[in-house]
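Notes follow the structure.
Since every read-out is calculated from the coordinates, none of them should be taken as a lab result. Since the model is a prediction, treat every value here as computed from it, not as a measurement. Here Cβ is always computed from backbone atoms with ideal geometry, including for glycine, and neighbour counts include all displayed protein chains.
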Amino acid sequence: MGDNVLNICPWTMGQIGWINPRANSSPVYVEFFSQRHCLYVDKNKNISDILYANEKWQYQNLNKEKPEAPKAHGDPFSLVYYEQLHTLYRDVHDTISDILYNPNGKYWP
């Protein structure tokens, strides 16, 4: 096999069984400093984040990190702006919400 091979490796509950609840949207991937984030809306309308940092996979629920952030109604979109990771999404009030994360581990809605 050459270097131009695309490998598809679906994650299963057996491989990373701690991921719960299941996804209810398409995922979005973004790199932020040395972290890799895969964000999606879960079945409870929360923004979930599977991230790889410090050589291990982790899970975080952004709505639990910032309870005042409204539940999601649309797929998330993430981007890095300077030293901030923005996760934007259409919320249940049909407005655009932004959960902001900085490298110090702080969140702001």
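Data table
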item	result
Neighbour cut-off at most 12 other Cβ (10 Å), DSSP loop, trypsin sites (Lys or Arg not before Pro), the range 16-109	ARG22, LYS43, LYS106
Coil-residue chymotrypsin sites (Phe, Trp or Tyr not before Pro) of the range 38-109, DSSP, other Cβ within 10 Å capped at 14	TYR82
Aspartates and glutamates whose Cα lies under 17 Å from that of LYS45, excluding same-chain neighbours fewer than 8 positions away	GLU65, GLU68, ASP75, ASP91, ASP94, ASP98
Net charge of Cβ neighbours under 14 Å - reference TYR81; Lys, Arg +1; Asp, Glu -1	-3
Candidates per GluC sites (Glu not before Pro) in the range 40-108, loop by DSSP, up to 12 other Cβ within 10 Å	GLU55, GLU68, GLU83
Separation of the GLU31 and GLU55 label points, Cα + 7 Å toward Cβ, nm	1.9 nm
